[in-house]
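Participant: Here's a structure for you.
Just so you know, all these numbers are worked out from the coordinates, no wet-lab data involved. Because the structure is a prediction, the values reported are computed rather than measured. Cβ sites come from the backbone with ideal geometry, for glycine too, and all protein chains shown count toward neighbours.
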Amino acid sequence: MWLWKTNYSHIKQMDSIVEIRKLSAGYGQNIILHDVNLSIKQFDFIGVIGPNGGGKTTLLKALLGLIPPMSGEIVYDESMTEGKVHRIGYLPQINNIDRKFPITVFDVVRSGLMSRKRLTGRYSSEENNRANELMSEMGISGIRNKAIGELSGGQIQRALLCRALVNNPKLLILDEPNTYVDNRFERELYEKLKILNNKLAILLVSHDLGTISTYVKSYACVNGSLHYHSGNKVTPELLKSYECPIQIISHGEIPHTVLYNHKS
Amino acid sequence: MENLIALFNFGFFRNAFLAAFIASITCGIIGTYIVSRRIVFISGGITHASFGGIGMGYYFGFDPIGGAIAFGILSALGIEFFTKRANLREDSAIAILWSLGMALGVIFIFLTPGYAPNLMSYLFGNILTVSKSELIYLLILAVFIIGFFLIFYRMIIFVSFDEEFALTNNAPVRLFNALLISLVALTIVLNIRVVGIILVMSLLTIPQAIANLFTKRFDIMMIYSIVFGFLGSLTGLTLSYIYDIPSGAAIIFTLVVLYGLIKIIFLISGKAILNREKVNG
């Protein structure tokens, strides 16, 4: 029935919290990801990098259950599932959000709890407190009753991060959180993620390899297939697996950008 | 003024007053949904597609509004289905159904022998000729919409604001989309008799545009839209009586003027507020 979403995933007991096995995924006839294997463990901090169109978003959608695997499977650990929902917090790209939608920050944050609700659900005072706590942690409790249309990009991102965290996820997925956000907030965000990483696993999609290299523990290069590199050193092998010029921003006396040669 | 109060002695005017009131409630709530989700164009498609049902009603001799309801809901679900499942461009799907409905309407009315009574009232609406049974349908719809939005408010907002996020939370996104777009179709069709096919979209968008000047919250926007819609309808109705002009057009014109006036007042006073803030620091 096209009216209902189908739940594609399997649940098992295992060491990792999520395991992707021989996954192929895409849209219609178009296969974008081939034979992807990745296991995500409890306190992983994986930087997902790769060229545009390489399948980063497809990988996220498959992990989030938005598209079914064409072949292979994604297996979730028992502890990852609560009721019928996976304990995954998701921060979408900020330009996926309609900023003119008439909704307040408080309501955006609380909506992260909707998966616990029945269709008619109301929020308990306990849940409201949890949302309030998170908002003050992120420094946005002062604007909780403002509509999102009145906020800056950084403020909206903070609200969306609260929404992703309010349901106590075990895995946090962030899709290019550094676009349209000022540098100061970007730094704050990464510092926050470092602290959060003590409690949960993080999958961070980014095109800015230079900045995230200080924070991530390993890399997944996605370009049709997936190459996994443990350790956060940016090595020539890592860059080669990209097969595309990527941007590395180095901080120095003179700000400069280094581009890796294109493989011809 | 006494003349205006005396108007209530006429049955047709009392009906018109009630129609304006109930129309404002349905259009206030559903219009806020339409504007927030940016489905104004889809709603325009549904509106015009329903004309096919009106034409078939004339030709086959059943109630044209019944035909319009069937065409409205089918085209609403059709647009949802074709764009999500059949991978057709959404704006193309809308345009096809929009013009198909109009074409069928024209063909069937042309084939119907003799004069098509009330045709103009479907195109341009006439709040003064809304019948008692149409009023009852409208009332039932209003009660249902109020109930639906009261009970499922959180889920409606959840599904509307960020569909993808709602899907990752296993929310019944498609079911709610289908239910809500059906309510949009019903609201449009039952309000066709009030302001007509050509003008009904404005009753679903102008009160919301005015409300949006005052608030950026969904719940408050619904209430303000109802108030402004009712205000505009009553004023338009009165103007149509005084100057003997079509009521539908008078209502829409009043609403647009109201929007313009409030916008200008906001621009002037907004500047004043900004200046004050600058002075205060």
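Participant: Using a 10 angstrom cutoff on alpha carbons, build the Gaussian network for chain B and name the most mobile of B:Ile30, B:Ile107, B:Ile79.
Facilitator: Among B:Ile30, B:Ile107, B:Ile79, the largest GNM mean-square fluctuation belongs to B:Ile107.
Participant: Moving to a separate point now. Filter the DSSP H helices in chain B by two things, a Kyte-Doolittle mean of at least -1.0 and an axial alpha-carbon span of 24 angstrom or more, and list the hits by number.
Facilitator: Those that pass (Cα extent of 24 Å or more, hydropathy at least -1.0) are B:11-36, B:40-60, B:64-84, B:90-111, B:132-161, B:173-195, B:218-243, B:247-280.
Participant: Cross-link partners among aspartates and glutamates for A:Lys56, C-alpha distance below 18 Å, same-chain residues fewer than 8 apart left out?
Facilitator: Qualifying aspartates and glutamates at Cα under 18 Å: A:Glu19, A:Asp35, A:Asp44, A:Glu73, A:Asp175, A:Glu176, A:Asp208, A:Glu243, B:Glu164.
Participant: About the Cα centre, and with charges only on the beta carbon of Lys, Arg (+1) and Asp, Glu (-1), how big is the dipole of the protein assembly as shown? Nearest 20 debye, please.
Facilitator: Here the size comes out at about 500 debye.
Participant: Among B:Phe253, B:Phe62, what is the fewest-to-most ranking by other Cβ atoms within 10 Å?
Facilitator: B:Phe62, B:Phe253
Participant: Residue by residue through segment A:155-162, which ³J(HN,Hα) values in whole Hz follow from phi under the Karplus form 6.51 cos²θ - 1.76 cosθ + 1.60 (θ = phi - 60°), with glycine and proline marked x?
Facilitator: Working through the residues one at a time gives 5, 4, 4, 4, 4, 5, 5, 4 Hz.
Participant: I've got another one for you. Report ³J(HN,Hα) in whole Hz for each residue of segment A:193-198, in order, from the Karplus equation J = 6.51 cos²θ - 1.76 cosθ + 1.60 where θ = phi - 60°; Gly and Pro get x.
Facilitator: 4, 4, 5, 4, 4, 5
Participant: Which ordering of A:Tyr228, A:Tyr219 is given by a fewest-first count of other beta-carbon atoms within 10 Å?
Facilitator: Ranking A:Tyr228, A:Tyr219 by Cβ neighbours within 10 Å, fewest first, gives A:Tyr228, A:Tyr219.
Participant: Same structure again: Can you tell me what percent of all Cα-Cα pairs in the protein assembly as shown are more than 29 Å apart? Write down the numbers at each step before the final one.
Facilitator: Working: 90082 of 148240 pairs.
That tail contains 61 percent of the Cα-Cα pairs.
Participant: Another question, if that's okay. Size of segment B:125-241 along its principal axes in angstrom, Cα-based, largest extent first?
Facilitator: Computed over the Cα atoms, the extents are 53, 33, 24 Å.
Participant: While we're on this one: When a/c reaches 1.5 or more, the comparison of a/b and b/c decides; with that in mind, is segment A:60-126 rounded, prolate or oblate per its Cα gyration tensor?
Facilitator: oblate
Participant: Please arrange A:Leu23, A:Leu196 by how many other C-beta atoms lie within 10 Å of their C-beta, fewest to most.
Facilitator: A:Leu196, A:Leu23
Participant: Would you please give the residues with an amide H less than 5 Å from that of B:Gly125, counting only those at least 5 places away or on a separate chain, with H modeled from the backbone geometry?
Facilitator: B:Gly196, B:Ile197
Participant: Sticking with this structure for a sec: How many Cβ atoms of partner chains, on average, are near each residue of B:29-41 if near means within 10 Å of its Cβ?
Facilitator: Shielding by partners across B:29-41 averages 1.
Participant: Just counting partner chain Cβ atoms within 10 Å, what average do the residues of peptide B:250-256 show around their Cβ? If you can, show how the numbers build up before the last one.
Facilitator: Details: counts 0, 0, 0, 0, 0, 0, 0.
Mean shielding count: 0.
Participant: Okay, moving on. Which pairs, out of A:Lys12/A:Lys41; A:Lys12/A:Lys217; A:Lys12/A:Lys170; A:Lys192/A:Lys217; A:Lys22/A:Lys61; B:Lys84/B:Lys216, put more than 20 Å between their alpha-carbon atoms?
Facilitator: A:Lys12/A:Lys217; B:Lys84/B:Lys216
Participant: Now a separate question. List the residues, sorted by chain then number, that are 5 or more residues from A:Met14 or on another chain and whose placed amide H is less than 5 Å from its amide H.
Facilitator: Residues meeting the criterion, in which the H sits 1.01 Å from N, are A:Glu78.
Participant: List the residues, sorted by chain then number, that are 5 or more residues from A:Leu172 or on another chain and whose placed amide H is less than 5 Å from its amide H.
Facilitator: So A:Leu172 has HN proximity to A:Gly89, A:Ala201, A:Ile202, A:Leu203.
Participant: Taking +1 at the Cβ of each Lys and Arg and -1 at the Cβ of each Asp and Glu, which of B:Ile220, B:Ser240, A:Gly28 sits farthest along the dipole of the protein assembly as shown towards its positive end, judged by Cα position relative to the Cα centre?
Facilitator: Among B:Ile220, B:Ser240, A:Gly28, the one farthest towards the positive end of the dipole of the protein assembly as shown is B:Ile220.
Participant: For segment A:98-168, count the residues as N, evaluate 2.2 N^0.38 Å, and divide the Cα radius of gyration by that value, please.
Facilitator: On the way: Rg = 11.4 Å, N = 71, 2.2 N^0.38 = 11.1 Å.
Normalised Rg, Cα atoms only: 1.03.
Participant: Write down Rg/Rh for segment B:2-280, rounded to two decimals, with Rg from the C-alpha atoms and Rh from the Kirkwood relation over Cα pairs. Could the numbers behind the result be given before it?
Facilitator: Numbers: Rg = 19.8 Å, Rh = 19.7 Å.
Using only Cα positions, Rg/Rh for segment B:2-280 is 1.01.
Participant: While we're looking at this one, here's another question. Per-residue mean of other chain beta-carbon atoms within 10 angstrom of the beta-carbon, peptide A:104-117?
Facilitator: Partner Cβ neighbours, averaged per residue: 4.
Participant: Reachable aspartates and glutamates from A:Lys117, Cα under 13 Å, same-chain residues fewer than 8 places away excluded?
Facilitator: A:Glu82, A:Glu127
Participant: Placing +1 on the Cβ of each Lys and Arg and -1 on the Cβ of each Asp and Glu in segment B:2-280, which of B:Phe8, B:Phe144, B:Phe62 has its Cα farthest towards the positive end of the resulting dipole?
Facilitator: B:Phe144
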